[in-house]
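One structure is given here, and the rest of the page talks about it.
None of the figures in this text is laboratory data; all of them are computed from the coordinates on show. Quick caveat, the model's predicted, so the values are computed rather than measured. Glycine gets a Cβ as well: all are built from the backbone with ideal geometry, and neighbour counts include every protein chain shown.
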Amino acid sequence: MKQNRIILINILIIVALILVGGIIAYYWTQSYDYVSTQDASISAPSIPVAATQSGTLESSGIHIGQRLTKGEVIGQVLVPPSASSSSGTGKTKSAAKASVTPSTVNIVAPANGMVANVATQNGQTVAAGTPIFTMVQLSQVTVVANIPESKIRNVSAGQSATIYVDAHPGVAFSGTVEAISPTTQSFFSLIPTAATAGTYTKVTQRIPVTLSIDAAGYTLLPGENAEVKITVH
């Protein structure tokens with residue numbers, strides 16, 4: 001009995017060592033072969049469209065979610081006539097009102113895309129440069145993954161990646177590293193990260209990495225959370 005118990009204990013110890021060794025080997029392999037992050041999201045080109053001349057917005061039925069085709073006229077800006085002019089010679093002056101009628105300027109979609117934000121409404125007076133709406137190009141979605149500075153040295157353009165999007169659980173999308181930002185995520189931040197003397201705490205910086213993604217027929221929306229695993233070895 002005693003001998004059987006010793007044998008059983010030895011077997012359990014060996015099994016436990018194998019399991020622990022397997023877990024260690026798995027995590028070492030994952031750490032060596034891949035760079036992973038959950039700090040990632042879907043991105044897409046956004047195009048703000050502004051009024052080119054001052055006037056009144058009219059004939060615009062644009063709405064969020066509307067699909068637009070490049071060159072499509074989606075509204076007009078009614079430009080008021082020019083101011084009156086006057087002329088005269090010596091002590092005799094005559095005023096002549098300009099006979100210019102109001103003109104219209106078309107608002108044209110600059111590319112194929114979908115309306116993501118509408119900033120103005122029909123009847124609103126707009127100045128030249130006033131944002132009217134913003135469109136996004138869902139056909140050109142990418143993924144931006146923020147990689148810790150301690151791991152970025154292992155990442156390079158052309159590496160393959162597996163991407164998981166929270167909006168589509170269980171689906172593994174394939175992707176490729178396209179570009180690595182030359183600055184950290186916080187470099188252009190409006191709030192400086194530098195601390196005053198005596199209160200400094202080192203914060204791990206993250207570098208944005210842009211990846212292509214094969215959407216495989218799924219609709220991916222800018223801002224959706226994602227998880228990225230880049231194969232580095």
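General observations
- Phi-based couplings in Hz for the range 157-171 (Karplus 6.51, -1.76, 1.60; Gly and Pro marked x): 4, x, 5, 7, 8, 10, 10, 10, 10, 4, 6, 10, x, x, 9
- Between the amide H of Thr120 and any residue lying 5 or more places away or on another chain, no distance stays under 5 Å, with hydrogens modeled in the peptide plane.
- In summary, the aspartates and glutamates within cross-link reach of Lys202, defined as a Cα separation below 15 angstrom excluding same-chain residues under 8 places away, comprise Glu149.
- Neighbour cut-off at most 15 other Cβ (10 Å), DSSP loop, trypsin sites (Lys or Arg not before Pro), the range 125-233: Lys202
- Sorted by Cβ neighbour density within 10 Å, fewest at the top, the residues Thr231, Thr199, Thr134: Thr199, Thr231, Thr134
- Counting neighbouring beta carbons within 10 Å and listing from fewest to most, the residues Tyr218, Tyr200, Tyr34 come out as Tyr200, Tyr218, Tyr34.
- Between Gln53 and Ser160, the contour length at 0.36 nm per residue exceeds the alpha carbon distance by 33.8 nm.
- Note on the range 124-196: along the principal axes its Cα atoms extend 52, 44, 23 Å, ordered by decreasing extent.
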